[in-house]
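Worksheet for the structure shown next.
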Amino acid sequence: MFSNEDYLADLLAEAGLVSADQISRARQMMSGRETLIENLLANTNLSQEDVAQTLATNASVSFVKLADFTYDLTITETVTDDVAKRFHVIPVQDDGLYLTVAVADPLDFEMLDSLPHVIGREINLVCATPHDISTHLSQIYGVDEKATDESGLIITTGDAEAGSDGDDAPIIRLVFQMLTEAFRLRASDIHIEPLETTVRIRYRLDGKLVAVDSHPKKLLPAVIARLKVMSGTMSIAEKRLPQDGRIQLKMGEKEVDLRVSSVPSNHGESIVMRILDKTALLLGLPELGFFSDDQQTFEQLLGLPDGILLVTGPTGSGKTTTLYACLNVINRPDRKIITVEDPVEYELPGINQVMVKADIGMTFAAALRAMLRQAPNIIMIGEIRDAETANIAINASLTGHLVFSTLHTNDAPSAVARLADIGVKPFLIASAVRAILAQRLVRKLCPLCKGPADLSDKEMRALSLDAARIADATIFSAVGCEKCRGNGYRGRMGIFEMFLVDDEVRGMINTGLTTTQLRRRARELGMRTLREDGIRKVLAGLTAGSEVVHATMSDAD
């Protein structure tokens, strides 16, 4: 991002904007293509404006906000779009003798030596933030190497469109607006769906699909081509086969990935983009939805030296987020943690992550065998899908490793039967599994507008509640305000069913009890079901009764 990041970090420390400890931690946390300054921006109170003003002061130039300048054709023609993109500069003033240009790094002497020769003018400098320059590059030139919105979203693309002409600008703006609006609304997915005569755009907001826009069908090929180019790996020419790719975004201090999937349909290619917000990595157990008693029990499980901890639930129930939160809690320098995932959704600092690539033989089982030779303390397996993976995980847990993984089952006790169906012997299940956590996601009531309400008779019956049970509780329902877009909900939380495998349960597994018998005995031993945990959160005013009814089965069922 900047020419000499170590020197700039020292300047920021001298200005009192960051501490030496923060700089040291940032160097340790840096991963992939992330730079030192990017890490400081993401993990401290440092802002881009702080950085720009520090650079301006030390280079003896003025700090400016580009919105204060008026641009006309004459000034924009002094620097061509390819030069503006190459040097990341914006012309702001021309007095006939000197051309004043805004740069993000006035200490980049190599750039300052080259730029006057390239544009054929003597230059004066002013300093602006990278976000401000990127925004105006997009607005003035339609340059899309890095485009930003007012929130600081930087969309990084490949070089395939470096020569885009003016005809592409409307599509660039349309896609840019779609992505930034989805992020602003905290959508988890963007669906671009071709219909017979139109293209429908839907966002998944707090688990619910919401139609937000519709465009003429003729725009579909250009929109899809633009997204494929941004991914850097998807082929524009291939329209008959499914493809996958990723787009990297940066929203101010937030880093976001889009996981892109294209599938041919009867009306054209359909695109779904899953938004992977890296701030989800910072969630603690309370943010997941654990009450203090469950949190205490779960933290004790995370402190175990070995065994398997399973998280179960359907697709989209937050299993991966829970596993990442667990790893975040136990990630320490004295522990070696390795994960095997399909795909790697988030990059975790300090953790070795392996991506499954079945087409070249890197299956879950093959990756696990290799991982065990790396002497890890903790292993996370994205999902147990077959007997080979399950048995390797079981053996790893029995030889001193703590193993985390997921299964697709409806409740916690069913995971025992699922492992047996896969081919794991009951005595191995009983010996290795320490606990099974089933979970679902429910929408949280908007704290700004939720209002007191009564549960309907239907909800009371479905939740097996009576007047005495709710006498001391204040029940809330969704109202709707501007902050929650009128739907009364904002964000989601988990409801949990924690099945602890103690000595008595191990004996029941060994004797081959059915799932129904296991579930009944687990409840007698104190296991709280998904619905019961959901009811607790209704009575605490966190969610609505209808959410729990829709997300869980009746305990009688």
Inset, instruction - For Ala67, indicate whether it is out of contact with any strand residue (DSSP E or B) (no Cβ under 8 Å at 6 or more places or on another chain) and modelled with pLDDT under 90. - result: yes
Legend entry - Wholly enclosed helices (runs of 4 or more DSSP H) of segment 72-123 bearing at least 2 residues in contact with a helix residue (DSSP H, G or I) (Cβ under 6 Å, 6 or more places away or on another chain) and buried (at least 17 other Cβ atoms within 10 Å of the Cβ): 81-87, 109-119
Inset, instruction - Of the conditions (1) within 21 Å of Leu530 (Cα to Cα); (2) open to solvent by 50 Å² or more (accessible area, probe 1.4 Å); (3) assigned to a loop (DSSP other than H, G, I, E, B), Ala473 clears all except one; give me its number. - result: (2)
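Going by what's in this entry, would Ala412 be described as closer than 30 Å to Gly541 by Cβ, buried (at least 17 other Cβ atoms within 10 Å of the Cβ) and not basic (Lys, Arg)?
On the way: closer than 30 Å to Gly541 by Cβ: yes; buried (at least 17 other Cβ atoms within 10 Å of the Cβ): yes; not basic (Lys, Arg): yes.
Answer is yes for this residue.
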Inset, instruction - Among the residues of segment 384-407, count how many are touching an Asp or Glu at 6+ places or on another chain (Cβ under 6 Å), small (Gly, Ala, Ser) and at negative phi. - result: 1
Inset, instruction - Sort out which residues of segment 49-71 are hydroxyl-bearing (Ser, Thr, Tyr) and either closer than 23 Å to Phe2 by Cβ or in a helix (DSSP H, G or I) (or both), and write them in order of number. - result: Thr54, Thr57, Ser60, Ser62
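If I filter segment 280-298 for residues that are modelled with pLDDT of 95 or more and open to solvent by 40 Å² or more (accessible area, probe 1.4 Å), do I get at least one hit? Spell out the reasoning first.
Taking segment 280-298 and keeping what is modelled with pLDDT of 95 or more, we get none.
Within segment 280-298, none of the residues are modelled with pLDDT of 95 or more and open to solvent by 40 Å² or more (accessible area, probe 1.4 Å).
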Legend entry - Lone unmet requirement of (1) over 30 Å from Ser431 (Cβ atoms); (2) touching a residue at least 24 places away in the same chain (Cβ under 8 Å) for Ala467: (2)
Legend entry - Residue selected from segment 218-245 under the condition surrounded by 18 or more Cβ atoms within 10 Å (Cβ to Cβ) and in a strand (DSSP E or B), by the criterion farthest from the chain's Cα centre (by Cα): Gln243
Legend entry - Residue list for segment 415-442, restricted to those being assigned to a helix (DSSP H, G or I), open to solvent by 30 Å² or more (accessible area, probe 1.4 Å) and under 16 Å from Leu500 (Cβ atoms): Ser431
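Kindly provide the set of residues from segment 515-552 that are under 15 Å from Ala430 (Cβ atoms) and polar (S, T, N, Q), ordered by number. If you could, list the steps in order and put the result at the bottom.
We begin by selecting, within segment 515-552, every residue under 15 Å from Ala430 (Cβ atoms); these are 515, 517-518, 521-522.
Selection gives Thr515, Gln517.
Among the residues of segment 199-217, write down those that are open to solvent by 30 Å² or more (accessible area, probe 1.4 Å) and not in a strand (DSSP E or B). Quick ask: steps written out before the conclusion?
Taking segment 199-217 as the starting set, the residues that turn out to be open to solvent by 30 Å² or more (accessible area, probe 1.4 Å) are 200, 202, 204, 208-217.
Selection gives Lys217 alone.
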Legend entry - Residue match in segment 284-299 (condition: closer than 24 Å to Phe183 by Cα and part of a strand (DSSP E or B)): no
Legend entry - So Thr297, is it among the β-branched types (Val, Ile, Thr) and over 24 Å from Gly526 (Cα atoms): no
Inset, instruction - Tell me which residues, restricted to segment 304-337, are free of Cβ contacts under 8 Å to residues at least 12 places away in the same chain and under 16 Å from Ile379 (Cβ atoms). - result: Arg332
Legend entry - Pair list, Cβ under 6 Å, 6 or more apart: segment 442-454 residue within 20 Å of Thr552 (Cβ to Cβ) and touching a residue at least 60 places away in the same chain (Cβ under 8 Å), other residue open to solvent by 70 Å² or more (accessible area, probe 1.4 Å) and outside any loop (DSSP other than H, G, I, E, B): Arg443/Arg492
Legend entry - Considering residues of segment 476-514 that are in contact with a Lys or Arg (Cβ under 9 Å, 6 or more places away or on another chain) and β-branched (Val, Ile, Thr) only, the residue most open to solvent (accessible area, probe 1.4 Å): Val479
Inset, instruction - Test Thr543 against the stated conditions and say whether it is under 29 Å from Leu323 (Cβ atoms), of a type in the set (Val, Ile, Thr), surrounded by 13 or more Cβ atoms within 10 Å (Cβ to Cβ) and under 34 Å from the mean Cα position of the chain (by Cα). - result: yes
Inset, instruction - Evaluate segment 175-198: report whether one residue or more is open to solvent by 20 Å² or more (accessible area, probe 1.4 Å), outside any helix (DSSP H, G or I) and modelled with pLDDT under 80. - result: no
Inset, instruction - Test each condition in (1) in a helix (DSSP H, G or I); (2) over 24 Å from Gln295 (Cα atoms); (3) in contact with a Leu (Cβ under 8 Å, 6 or more places away or on another chain) for Lys458 and report the one that comes out false. - result: (3)
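The values are calculated or read from the model by the stated rules, or taken from the named source; none is laboratory data. Quantities reported herein were computed from a predicted structural model and do not represent experimental measurements. So basically every Cβ, Gly included, is an ideal-geometry build from the backbone, and we count neighbours across all protein chains shown. Accessible surface is based on the protein model in full, side chains and every heavy atom, while ligands, DNA and RNA are left aside. Shrake-Rupley method; radii C 1.70, N 1.55, O 1.52, S 1.80 Å.
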